[in-house]
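Here is the structure we will look at.
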Amino acid sequence: MSPTIKDLENRLWEAADHMRANSPLRLNEFAEPVLGLIFLKFAGVKHSKTEKEVTEERKKKTKSHGGASVSRERPVSSADYHARGVLFVPEKARFSYLIELPEGTDMGRAVDDAMKEIEAENKELAGILPKTFQKLDSRSIIALLKNFNQIPDDIEGDAFGRIYEYFLGKFALADGSRGGEFFTPTSIVKLIVEIIEPYQGRIYDPACGSGGMFVQSHEFVKRHLENGKKVRASREIAIYGQEKTDQTVRIAKMNLAIHGLSGDIREGNTYYEDRHKSIGKFDFTMANPPFNVKGIDKERIKDDPRFSYGIPKADNGNYLWIQIFLNSLNDKGRAGFVMANSASDAGHSEKEIRQKMIEDGVVDVIVAVGPNMFYNVTLPVTLWFLDRGKKSTDRKNRILFIDARNIYRQIDRAHRDWTDEQIEQIASIVRSYRGENGKKYQNVKGLCKVTTIEEVKKAGYSLNPGRYVGITDNGSEDDGNFGDKIEKLHSELRGLTDKAHELENKVFENLKKFDL
């Protein structure tokens, strides 16, 4: 991302956050209208650009037909916008109109009406846009409009999507545990996407939050399309999601729209409602479900075919989610999801389910992730990757374990993430294991190991990477056996992490000089 966009994001957030601090609204009440105004600015800019494009095309067409009067051409209509996949924004719903309204105008009503008009002209947005602006006073709305009007009309195409995602992340960070319900940190999502590789097909997230998994799948396709192949990423993937709250469904649909995507996102409690009739339907499933949920009514789900391995006796929803993900896949489908560490070694009925999955050959890759990678979970987590198609490969009796707990970049004292380079290096290990990148896979002590199902059986069907990869000792890096490319990769990963730690220490040392 260019420094200009970063600077703009910071300025926009600082101003909006200052207004939030002086607002009587709770954070989640403030977030939706703010995201709605970013969407409104985006829609207006796209509208204006399209109007100019259509007008210019008509002028050229008029000249090519002997110079007939342009004035006789029909005005640009909503049909012209929809034909180009662009939202039609009525005049009184445009940012430029709202920001010039005279003093004394009821701005809350004006913006609510603007949202209603946009929905009326664009049926795919029906019921999605926020209409809660009357909770804000007119002065705050005008200040927010002026703030987001800083976004230049000629900004690059995907910048609005970046800004929207940036605000989602900031709201999630500010809201702590509640924020984690709708937002998964981008670096976690990127790694999941890089490992399951959703080039094309049906993608499902039954706990979709703000839709980040879908956005990153779209970005993945764009990055990996062959040079010169003029196919829009949104045509390569079909999006299906479910989320239990209507507010989060609306946020997700706005997020998709602002990235030029559309999808079938439905409201429903996934434990009890399978709104997409998901069994065997999807090529890819990705999710960050709520962990360790208690109090699920097992009587309501006892005959649900999604739980084909059985209902766990423990009062914990983890192994319900795992079965939902697995059973949504078709016979070649892949799933990648975040899971509580405790699920890797859970005992009794949960162990029985895990054992059946392992013996059925659907568990493909397990990645251990260190603490503080999430806004609402400080503990370490595990990424699970399932693959129904591996049964027909030479990996059918093997599982790759990766211990990535020591790979991270420190954002601040309480939060970490992965750099793009670290994500690519971890994903490269998986591609080598699958034989996809032409590089020979090799186990690296302390980092990764391919283990047979028989070995996993002897370890009590544990899926904890630490049980298998071992611990790196100081002598192992210099014993002359690390010339292989995969071991060079390990060194690069450690180097990236060391640099991050070094920079963090320098910052803290500099702060000490100022007695901060």
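Looking across region 123-137, the residues that are part of a helix (DSSP H, G or I) and within 24 Å of L25 (Cα to Cα) come down to F133, Q134, K135. Could you tell me which residue of region 368-377 is modelled with the lowest pLDDT, considering only residues that are surrounded by 21 or more Cβ atoms within 10 Å (Cβ to Cβ) and within 18 Å of the chain's Cα centre (by Cα)? Taking the candidates together, the pick is Y375.
Only one of A368, A343 is part of a helix (DSSP H, G or I), among the hydrophobic types (A, V, I, L, M, F, W, C) and in the same structural domain as E436 (by TED's automatic domain parsing). Can you tell me which?
Of the residues listed, the single one that is part of a helix (DSSP H, G or I), among the hydrophobic types (A, V, I, L, M, F, W, C) and in the same structural domain as E436 (by TED's automatic domain parsing) is A343.
Of the residues screened, I311 is not one that is surrounded by fewer than 20 Cβ atoms within 10 Å (Cβ to Cβ), of a type in the set (V, I, T) and closer than 30 Å to S428 by Cβ.
Here are some conditions: (1) closer than 28 Å to H276 by Cβ; (2) of a type in the set (S, T, Y); (3) assigned to a helix (DSSP H, G or I). S140 meets all but one. Which one does it not meet? Evaluating S140 over (1) closer than 28 Å to H276 by Cβ; (2) of a type in the set (S, T, Y); (3) assigned to a helix (DSSP H, G or I) leaves (1) as the failure. Annotation note: Cβ proximity below 9 Å between a residue of region 391-407 that is within 13 Å of D360 (Cβ to Cβ) and a residue that is part of a loop (DSSP other than H, G, I, E, B) (sequence gap 6+ or interchain) occurs for K391/D360; K391/G361; K391/V362; K396/G361; N397/G361; I399/L463. All of (1) among the charged types (D, E, K, R); (2) in a strand (DSSP E or B); (3) surrounded by fewer than 19 Cβ atoms within 10 Å (Cβ to Cβ) hold for K391 with one exception: (2). Of the residues contained in region 232-247, one or more are found to be out of contact with any Lys or Arg (no Cβ under 6 Å at 6 or more places or on another chain), over 27 Å from K332 (Cα atoms) and part of a helix (DSSP H, G or I). Is it true that I324 is under 30 Å from L173 (Cβ atoms) and assigned to a loop (DSSP other than H, G, I, E, B)? Taking the combined requirement at face value, the residue does not satisfy it.
Residue under question is K294, and the condition is that it be over 23 Å from L386 (Cα atoms) and out of contact with any Lys or Arg (no Cβ under 6 Å at 6 or more places or on another chain); does it hold? Considered against the rule, which asks whether it is over 23 Å from L386 (Cα atoms) and out of contact with any Lys or Arg (no Cβ under 6 Å at 6 or more places or on another chain), K294 comes out as yes. Within region 150-174, residues that are at negative phi and modelled with pLDDT of 85 or more sit with their Cβ atoms under 6 Å from residues that are in a loop (DSSP other than H, G, I, E, B) and surrounded by 16 or more Cβ atoms within 10 Å (Cβ to Cβ), at 6+ positions apart or across chains, in these pairs: G161/H259; L168/F183; L168/S210. The single condition among (1) part of a loop (DSSP other than H, G, I, E, B); (2) modelled with pLDDT of 95 or more; (3) touching a strand residue (DSSP E or B) at 6+ places or on another chain (Cβ under 8 Å); (4) not β-branched (V, I, T) that D304 does not meet is (3).
Picking from residues in region 85-115 that are under 28 Å from the mean Cα position of the chain (by Cα) and over 15 Å from I38 (Cα atoms), the one that is surrounded by the fewest Cβ atoms within 10 Å (Cβ to Cβ) is G85. Considering only residues in region 280-308 that are more than 23 Å from the chain's Cα centre (by Cα) and of a type in the set (A, V, I, L, M, F, W, C), the one that is surrounded by the most Cβ atoms within 10 Å (Cβ to Cβ) turns out to be F307. Can you name the residue in region 9-66 that is within 30 Å of R84 (Cβ to Cβ) and of a type in the set (F, W, Y) and is also surrounded by the fewest Cβ atoms within 10 Å (Cβ to Cβ) among such residues? Among those that are within 30 Å of R84 (Cβ to Cβ) and of a type in the set (F, W, Y), it is F42.
The values are calculated or read from the model by the stated rules, or taken from the named source; none is laboratory data. Since we're looking at a predicted model, the values are computed, not measured. Using ideal geometry, Cβ is built from the backbone for each residue, glycine included, and neighbour counts are taken over all protein chains shown.
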